[in-house]
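The values are calculated or read from the model by the stated rules, or taken from the named source; none is laboratory data. The shown structure was predicted, so the numbers you read here are calculated from the model rather than taken from an experiment. Here the Cβ positions follow ideal geometry from the backbone for every residue, glycine too, while neighbour counts run over all protein chains shown. Surface areas here come from the heavy atoms of the whole protein model, side chains and all, with no ligands, DNA or RNA. Shrake-Rupley method; radii C 1.70, N 1.55, O 1.52, S 1.80 Å.
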Amino acid sequence: MRIAVLNKDFCKPNKCSPYGEKPCIKYCPRVRTGDKTIVLSKDEKYVIITESLCSGEGICIKKCPFKAISIVNLPDPLEDQITYRYGSDQFSLFRMAIPKKGKVLGLIGENGIGKSTMLKILSNELKLNLGRFGENAPDWKEIIEHFKGSELHQYFEDLREGKLNIVYKPQNITVIPQYVTGRVVDLLKKNDTEEKLNQIAEKLNLTKILERDISVLSGGELQRVAIAAAYLKNGDVYLFDEPSSYLDVSERINMAKIIRGLSAENKTIIVVEHDLAILDYLSDYVSILYGEPGVYGIISHPQGVRVGINIYLNGYIKDENVRFREESIVFHERPPQESLYSSGDVIFSYDDVDISLGNFKFSASGSEIHSGEIIGILGPNGIGKTTFINSIANLVDNETQETMNKETKSKLSVAVKSQYIKFDDDRIISDLINEIKLAAHLSQSYKKRLLNSLKLERLRERYISELSGGELQRVAIAKCLSTDADIYLLDEPSAFLDVEMRLQVAQLLRKSIEELKKAGFVVEHDIITQDFIADSILVFDGIPGLEGNALAPQSLRDGFNMFLKMMGITFRRDSITKRPRVNKSGSNKDAYQKRINEFYYIPK
């Protein structure tokens, strides 16, 4: 089976050959023999590929200057398993995940691999077409017959008859204020069909913000409100798309417990989540999506949650004999040796800091950061992490900033990747790529690693306004790390990134700071990602919204222990992959690790 996919966003016929025949058409062997395998669309905005005529040499792929064409050969048996296709030369999804009543299905896979498409199908926003469209599209009778004998048969039967009340918590919660106005309590009351508002407000720590206007909420607050609104609706099927974004560790655990609570009410729940520890904690079973982003996605057979996540990390599905990643993802079982950079050159030092912002008071113990060192920042939301980042970047207009090291700071330059990403202009990504390639202060190997790790070439012809949350995050990280600076400040760089990209970004940050011999501060709520990034940990404590305090940086072991003790959470290690897994509160492992004060790393 051969599928040919054209990315219409990338295809630019007027640019690749303004006055002559387009390279993909000109060099296609079948076109040269007289077939119309590739032709220009009527409006001449993109080309059209006829798969049945394509011989699969791949010359058009190599000749296309914008990398807009993908041709993939797949096993023939998959031809009967295609469930949805957007068009004749567009993305294809094979198979379907199987939701079950009273169970939480976790979806894991790269961005652009079909997770959102599957959620849209299960919510009836998209109707299954079995790979056929137009006049040849199947009707409901044929679709239901296609799944006869499987657990999906009844689901689609109920979907057709309108028997399923479906509740959907979207991925991008930052756009909610554009569509919803008024107080938080008014929004939640509209959804409160069973008078559970007070209960859910307490569990998600929403009590103090119920009277606030939705327009002034932070990302974490918006996320918790969106989860509460979904929970309060009386649904049969609940779809949660990346519910942990912007939440701190304790909030993520609370969110997971609430979703688990829905399964106890015999609801059907599907969750897309990139934080592996949280996915593991809340799911009963998982489906892995693999393939080629933007081209095709294949949904694996359902797996037990522990086995499924381990399969994803190893990159090999044994029962399907499929390897979808060349290398396994490996975790540290024990903390690395003491930072190699603690004795290096001091890049930045600061005295004790005291900042007042309205009713909020923040203090930080003085410290220093060395060449090649990354300090990871951990703490609850509303505790002053972003305030601290801003104070270093000299972005906070406050007299207490005078306590910072004036002599050192006046000579420093800072690059910032903010939590909420904004660009001054709607620029095309190719401009940023060219700026990186021309940057005199960066080595060629550094430029290549930056562009390849963040997969920026795939976005070359896109504009900032066209990017998804994950794509925008990658561009912002690239802009920050390509800036000539002494200190790099990154606030939640893993938000909206899939598992593989999170770990690639973590490795990129490590190698970048080491090569540049500069320093970095990274705010990150994903514990596993933070472990990959940091040399030492800066723990924040206090009362969210009222006061915050940052202690001096500590070793990874001491820092994680202190933070997780504050959160009341312990992690055990998987016996095969050594990945961290959240212990159930009160379990034997949880009690043992708390007793010996080892909340994250396995005791020696």
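Sorted from largest down, give the three principal axis spans of the alpha carbons of the stretch 88-135, whole angstrom values.
Computed over the stretch 88-135, the largest-to-smallest principal extents equal 38, 24, 16 Å.
Using +1 at the C-beta of Lys and Arg and -1 at the C-beta of Asp and Glu, which of 24, 69, 116 has the Cα lying farthest in the positive direction of the dipole of the stretch 1-121?
Looking along the dipole axis, the top candidate is 116.
222 nm [θ] for the chain, helices only, -39500 (n - 2.57) per DSSP H run of 4+, per residue, to 500? Can you show the working numbers first?
Values: 23 runs with 197 residues, N = 604.
Computed mean residue ellipticity for the chain: -9000 deg cm²/dmol.
³J(HN,Hα) across the stretch 454-466 via Karplus (A = 6.51, B = -1.76, C = 1.60, θ = phi - 60°), whole Hz, x for Gly/Pro?
Couplings: 8, 6, 6, 4, 5, 9, 3, 8, 8, 9, 3, 5, 8 Hz.
In the chain, with Lys and Arg counted as +1 and Asp and Glu as -1 at Cβ, which of these residues, 377, 210, 438, has the Cα nearest the positive end of the dipole, that is, farthest along it?
438
Can you give me the Cα centroid spacing of the stretch 554-580 and the stretch 491-541 in angstrom?
Using only Cα atoms, the two centres lie 16 Å from each other.
What order, most packed first, do the peptides 70-77, 55-62 have when packing is the mean number of other Cβ atoms within 10 Å of each residue? Intermediate results must be reported in sequence, preceding the final value.
On the way: 70-77: 14.0, 55-62: 15.6.
Going from most to least packed, we get 55-62, 70-77.
Can you give the Rg to Rh ratio of the stretch 5-155, both from alpha-carbon atoms, with Rh computed by the Kirkwood formula? Each step should come with its number before you reach the end.
Numbers: Rg = 18.3 Å, Rh = 17.6 Å.
Across the stretch 5-155, the Cα-based Rg/Rh ratio is 1.04.
To the nearest 20 debye, what is the magnitude of the charge dipole of the chain about its Cα centre, counting +1 on the Cβ of each Lys and Arg and -1 on the Cβ of each Asp and Glu?
Using only the charged Cβ atoms, the result is roughly 1300 debye.
For the stretch 179-276, give the percent of accessible area contributed by carbon and sulfur heavy atoms, probe 1.4 Å, rounded to a whole number. List each step's numbers first, then the result.
Values: 1670 of 3770 Å².
Carbon and sulfur atoms account for 44 percent of the accessible area of the stretch 179-276.
Note the direction-averaged projected area, equal to a quarter of the hull surface, for the Cα convex hull of the stretch 196-242, in nm².
Working: hull surface 14.5 nm².
Seen from a random direction, the Cα hull of the stretch 196-242 projects 3.6 nm² on average.
So who's got an amide H within less than 5 Å of the one on residue 131, skipping anything under 5 residues away but keeping other chains? H placed 1.01 Å off N, in plane.
The list, which skips near neighbours in sequence, is 84, 85.
Using Cα pairs under 8 angstrom and six or more residues apart, how large is the relative contact order of the chain, in percent? Intermediate values should be presented prior to the final figure.
Values: 1107 pairs, mean separation 80.8, N = 604.
After rounding, I find 13 percent.
Given H placed 1.01 Å from N in the peptide plane, which residues other than close sequence neighbours of residue 367 have an amide H under 5 Å from its amide H?
Close amide H contacts, sequence-distant or interchain: 350.
List the residues whose amide H sits under 5 Å from the amide H of residue 538, counting only those 5 or more places along or on another chain, with H placed 1.01 Å from N in the peptide plane.
Here 376, 377, 378, 554 satisfy the definition.
Which of the peptides 176-189, 483-496 is most tightly packed, and how do the rest follow, going by the mean number of other Cβ atoms within 10 Å of each residue?
On the way: 176-189: 15.0, 483-496: 21.9.
Most protected by this proxy first, the peptides run 483-496, 176-189.
Please report the antiparallel percentage of DSSP beta bridges with both residues in the chain, rounded to the nearest 5. Display every interim value, and only then the final one.
Working: 38 of 80 bridges.
So the antiparallel bridges amount to about 50 percent of the total.
Starting from the Kirkwood Rh over alpha-carbon pairs, what translational D in µm² s⁻¹ does the stretch 436-528 have by Stokes-Einstein at 20 °C and 1.002 mPa s?
Numbers: Rh = 13.6 Å.
D = 157 µm²/s.
Each residue of the stretch 367-374 in order: what ³J(HN,Hα) in whole Hz does its phi give by Karplus 6.51 cos²θ - 1.76 cosθ + 1.60, θ = phi - 60°, with x for Gly and Pro?
6, 8, 10, 10, 4, x, 9, 10
Accessible area per residue, 1.4 Å probe, Å², for the chain: what's the number? Write out the running numbers ahead of the final one.
Details: 26710 Å² over 604 residues.
Each residue of the chain exposes 44 Å² on average to a 1.4 Å probe.
Nothing charged except the Cβ atoms of Lys and Arg (+1) and of Asp and Glu (-1): what's the magnitude of the dipole of the stretch 92-153 about its Cα centre? Round to the nearest 20 debye.
Values: 10 positive and 7 negative charges, 58 e Å.
For this selection, approximately 280 debye.
I need the phi-derived Karplus couplings for the stretch 160-176: 6.51 cos²θ - 1.76 cosθ + 1.60, θ = phi - 60°, integer Hz, Gly and Pro marked x.
Each residue of the stretch 160-176 in turn: 5, 7, x, 7, 9, 8, 9, 10, 10, 9, x, 6, 8, 7, 5, 8, 4 Hz.
So what are the stretch 258-391's ellipsoid semi-axes, whole angstrom, largest first, if each one is the square root of 5 times an eigenvalue of the alpha-carbon gyration tensor?
Values: eigenvalues 335, 115, 36 Å².
Value: 41, 24, 13 Å, ordered largest first.
Counting only protein heavy atoms, what percent of the accessible surface of the stretch 51-176 is carbon or sulfur at a 1.4 Å probe? List each step's numbers first, then the result.
Numbers: 2810 of 6000 Å².
Looking at the stretch 51-176 in its full context, I get 47 percent from C and S.
So for the chain, taking the charge dipole from beta-carbon charges (+1 Lys/Arg, -1 Asp/Glu), which of 256, 37, 274 sits furthest toward the positive end?
37
Using alpha-carbon pairs under 8 Å, 6+ residues apart, how would you state the relative contact order of the stretch 100-175 in percent?
Working: 24 pairs, mean separation 13.3, N = 76.
Answer for the stretch 100-175 is 17 percent.
Give me the percent of DSSP beta bridges within the stretch 437-564 that run antiparallel, rounded to the nearest 5.
Values: 5 of 10 bridges.
Counting DSSP beta bridges with both partners in the stretch 437-564, the antiparallel share is about 50 percent.
Strictly under 4.7 angstrom between C-beta atoms: which cysteines of the chain have no such partner?
11, 16, 28, 54, 64, 480
Using the per-residue mean of other Cβ atoms lying within 10 Å as a proxy for protection, in what order, highest first, do the peptides 4-16, 427-439 fall?
Values: 4-16: 18.2, 427-439: 15.6.
The peptides rank, most packed first, as 4-16, 427-439.
Which distance in Å, rounded to a whole number, links the C-alpha centroids of the stretch 68-126 and the stretch 134-198?
Cα centroid to Cα centroid, the span is 18 Å.
For the stretch 132-242, take every pair of Cα atoms, bin their distances at 10 Å starting from 0, and report each bin as a whole percent.
13, 35, 23, 17, 11, 1
Express the C-alpha Rg of the chain as a ratio against the empirical globular expectation 2.2 N^0.38 Å, rounded to two decimals. Before the final figure, lay out the partial values.
Details: Rg = 25.4 Å, N = 604, 2.2 N^0.38 = 25.1 Å.
For the chain, the normalised Cα radius of gyration is 1.01.
Once you keep just the Cα pairs under 8 angstrom separated by 6 or more residues, what percentage relative contact order results for the stretch 61-140? Before the final figure, lay out each step's value.
Details: 59 pairs, mean separation 21.6, N = 80.
Value for the stretch 61-140: 27 percent.
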